[in-house]
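The values are calculated or read from the model by the stated rules, or taken from the named source; none is laboratory data. Everything numeric here is computed off the predicted structure, so don't read it as measured data. Here the Cβ positions follow ideal geometry from the backbone for every residue, glycine too, while neighbour counts run over all protein chains shown. SASA here: full protein model, heavy atoms, side chains in, ligands and nucleic acids out. Shrake-Rupley method; radii C 1.70, N 1.55, O 1.52, S 1.80 Å.
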Amino acid sequence: MINLILLGTSGCHLCEEAELIMSSCNNVEIELIDIAEQEQWQEKYAIRIPVLYHSTTESELGWPFDQLQAQGFIDSLG
């Protein structure tokens, strides 16, 4: 199982779409993090969200992505 962070914020329709995409991916557990919680995240990701982030490798997959691209990202980490 691959653990990823989905960086986003509340009220973001693209973030909601990314959550739906991730719900159909295999072999992944998603932690949702609101970038509004920390200023450093706001500075780095404000215009890039949603972003999938793998903390171990520091790999990122930024929006736009579809289910195939997300699953490819997950598979590349495993």
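Taken about its Cα centre, the chain carries a charge dipole of about 160 debye when Lys and Arg each add +1 at the Cβ and Asp and Glu each add -1 at the Cβ. With every protein chain in place and a 1.4 angstrom probe, the accessible-area ranking of Leu77, Leu32, Leu20, largest first, reads Leu20, Leu32, Leu77. Of the solvent-accessible surface of the chain, computed with a 1.4 Å probe and all protein chains present, 48% belongs to carbon and sulfur. The distance separating the Cα centre of the stretch 1-40 from that of the stretch 45-60 comes to 9 Å. Calculated accessible area for the chain comes out at 62 Å² per residue, all protein chains present (probe 1.4 Å; ligands, DNA, RNA ignored).
Each of Gly72, Tyr45, Leu6 was scored by the projection of its Cα onto the charge dipole of the chain, and the greatest displacement toward the positive side belongs to Gly72; charges sit on the C-beta of Lys, Arg, Asp and Glu. Largest accessible area first, the residues Val28, Val51 order themselves as Val28, Val51 under a 1.4 Å probe with ligands, DNA and RNA left out. Taken over the chain, the percentage of Cα pairs per 5 Å bin, counting from 0 up to the bin with the maximum distance, is 3, 16, 31, 27, 15, 7, 0. Note on the chain: helix-only mean residue ellipticity at 222 nm, from DSSP H runs of 4+ residues weighted -39500 (n - 2.57) and normalised by residue number, equals -11000 deg cm²/dmol.
When each of the peptides 65-73, 9-17 is scored by how many other beta carbons lie within 10 Å of its residues on average, the order from highest to lowest is 65-73, 9-17.
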